[in-house]
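Remarks on the structure that follows.
The values are calculated or read from the model by the stated rules, or taken from the named source; none is laboratory data. As the structure is a computational prediction, the values presented were derived from the model and not from experiment. Reconstructed Cβ throughout: ideal geometry from the backbone, glycine too, with neighbour counts over all protein chains shown.
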Amino acid sequence: MDYFPVFFNLKGQDCLVVGAGEVAARKIELLSRAGAKITVIAHEISTTIATMQTSPPLTLKQTAFSPTDLRQFRLIVSATNDIATNALVAKTAKEQSIPVNVVDNPELSSFIFPAIVDRSPIVIAISSGGSAPVLARLLRAKIESVIPPAYGQLANLAEKLRDKVKQHIKIPLQRRIFWENVFQGTIAEQVFSGNDQNAEILLNQALNNYNDTIDNGEVYLIGAGPGSADLLTFRAMRLLQQADVVVYDRLVSPEIIDLARRDAEKIYVGKQRQNHSLPQVSINQLLADLAKAGKRVARLKGGDPFIFGRGGEEIETLMAQGIHFQVVPGITAASGCASYAGIPLTHRDHAQSCVFVTGHLKDDCVNLNWTQLALPNQTVVIYMGLVGLEQICQSLIEHGSPRELPIALIQQGTTNNQKVITGTLETLPVLIKNQSIKAPTLIIIGTVVSLHDKLKWFLAKPFS
Ligand code: SAH
């Protein structure tokens, strides 16, 4: 280890920044976040610094640096673009054993600034020892993305109840397990979704009930998006990685299931057309039973759970049985496929509204409000419509849609297997007759489809 990480308490401490340009401003901003009392010495003070609102306020000295300036300071940063001044600051600081950083000059510095993830009171510092600051910053971005901003609130809540927990749970090992559950379970999730008060109530409850109950687990109803793993939300990703059990559908891609913890149990409850491998009521109850056994259950659904996803039914059962849950929205097939096919769902010149319908056949019939769907200036998106495609096109034409109205069929949208075929209400059913088409497919109808040729950007494989 070339540098030893420590965290300085700079509250109210005198710190000096020599230089007053943009680089100095960034360091001042950081020191100020830690509550430092900052003096700035520079020939010229930039407006950014002159107008900076810090607490305590900055002391600005527009003058040349002199070695006698240093005495009172606890920490010094030299951020001038004058090599001689930087060297002089560093030398004087070192003589007086004051920690000094010369920006972008590790040789002259006695300490270096890390890349910082600030979730105060949680602070994460990352350093490459000056060898690759850009890499450290990239790493920071990665860490930022997996640590929700509310982690700070979670730490504050823990701090607030720390003594109480200590009194209540005397054995350190048990206390550790208690906190692990708090930080990875319902209580943390309440904080992350902004319900701090509820989290505190639950934490108190958990403490009061400690020893008498087995904690219930909880269910995360997660929208896994249309296929591609990097279209997951951060929240989906985080919950998926903390789940003990993953219950998933056919539409959820293997690459997404791979993101779950390695030791998590994975249960397939997928449905295929006409072949429901587990009836919906059984899925609903399975989720409830797993949670009652204390498990954190990630219920992964393709797209968005509340769009043709029966998510409502699943959480109704959970609610009725008093099980905590949360719903994580996902990118629904309509927006995923539309974006990746270069077909805007609304467009000022084409469509002012957009309707999502299911083209699922009931008794070999597609029952939809055709008069409404045949109206102009809208986009109609049809989920589960492949089998009924011919009937759909026919019914629209019968109810007044032009035969030449553009229509697109998108297969496995957003994935590397995406294929798009476009035609008209009259031609598409014929065009796809001899194609081998793989589920899932989505249908988009409306003049917006005509934009596909111009706006397609995703390198989809040609339809064959
Ligand atoms: N809840 C899901 C929809 C489930 S219904 C969502 O919000 O997207 C299943 C239907 O969604 C499929 O029959 C198909 O019409 C559509 N679908 C889902 N993912 C798709 C994809 N990647 N490409 C094309 N259609 C998709």
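For the reader, a short list of remarks on this structure follows.
- Residue in segment 295-347 that is farthest from the ligand (Cβ to nearest atom), counting only those that are more than 14 Å from Gly225 (Cα to Cα) and in the same structural domain as Ile445 (by TED's automatic domain parsing): His347
- Among (1) away from the ligand (no atom under 16 Å from the Cβ); (2) buried (at least 16 other Cβ atoms within 10 Å of the Cβ) - the single one Thr422 does not satisfy: (1)
- Whichever residue in segment 76-96 is touching a Lys or Arg at 6+ places or on another chain (Cβ under 9 Å) and not small (Gly, Ala, Ser) and, among such residues, is farthest from Lys37 (Cα to Cα): Gln96
- Qualifying residue in segment 263-275 (condition: closer than 21 Å to Gln190 by Cβ, outside the structural domain of Ala188 (by TED's automatic domain parsing) and either of a type in the set (S, T, N, Q) or more than 19 Å from the chain's Cα centre (by Cα) (or both)): no
- Within segment 245-259, the residues that satisfy the criterion of being surrounded by fewer than 19 Cβ atoms within 10 Å (Cβ to Cβ) and either hydrophobic (A, V, I, L, M, F, W, C) or away from the ligand (no atom under 16 Å from the Cβ) (or both) are Ile257, Asp258, Leu259.
- Flag for Gly194 being surrounded by fewer than 17 Cβ atoms within 10 Å (Cβ to Cβ) and outside the structural domain of Glu255 (by TED's automatic domain parsing): yes
- Qualifying residue in segment 124-132 (condition: in a helix (DSSP H, G or I) and either within 29 Å of the chain's Cα centre (by Cα) or under 30 Å from Thr233 (Cα atoms) (or both)): no
- Residue within segment 10-21 that is among the β-branched types (Val, Ile, Thr), more than 19 Å from Val117 (Cα to Cα) and in a loop (DSSP other than H, G, I, E, B) present: no
- Segment 63-109 - residue that is closer than 18 Å to Phe8 by Cα and touching an Asp or Glu at 6+ places or on another chain (Cβ under 9 Å) and, of those, surrounded by the fewest Cβ atoms within 10 Å (Cβ to Cβ): Gln72
- In segment 413-426, the residues that are closer than 17 Å to Cys393 by Cα and modelled with pLDDT of 95 or more form Cβ pairs under 8 Å with partners that are of a type in the set (Ser, Thr, Tyr) and buried (at least 19 other Cβ atoms within 10 Å of the Cβ), at six or more places apart or across chains, as follows: Leu425/Ser401.
- Flag if Ala298 is crowded, with 19+ Cβ neighbours inside 10 Å and part of a strand (DSSP E or B): yes
Each row is one residue, and each column tells you yes or no for (1) among the hydrophobic types (A, V, I, L, M, F, W, C); (2) at pLDDT below 85; (3) in contact with a His (Cβ under 6 Å, 6 or more places away or on another chain).
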{"position": "Pro148", "(1), (2), (3)": "no, yes, no"}
{"position": "Leu157", "(1), (2), (3)": "yes, no, no"}
{"position": "Lys166", "(1), (2), (3)": "no, no, no"}
{"position": "Gly194", "(1), (2), (3)": "no, no, no"}
{"position": "Ile201", "(1), (2), (3)": "yes, no, no"}
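- Enumeration of residues in segment 377-417 that are away from the ligand (no atom under 16 Å from the Cβ) and assigned to a loop (DSSP other than H, G, I, E, B): Asn377, His399, Gly400, Ser401, Pro402, Arg403, Glu404, Leu405
- Test: residue in segment 222-236 that is farther than 25 Å from Gly336 by Cα and either at pLDDT 85 or above or touching a helix residue (DSSP H, G or I) at 6+ places or on another chain (Cβ under 7 Å) (or both): no
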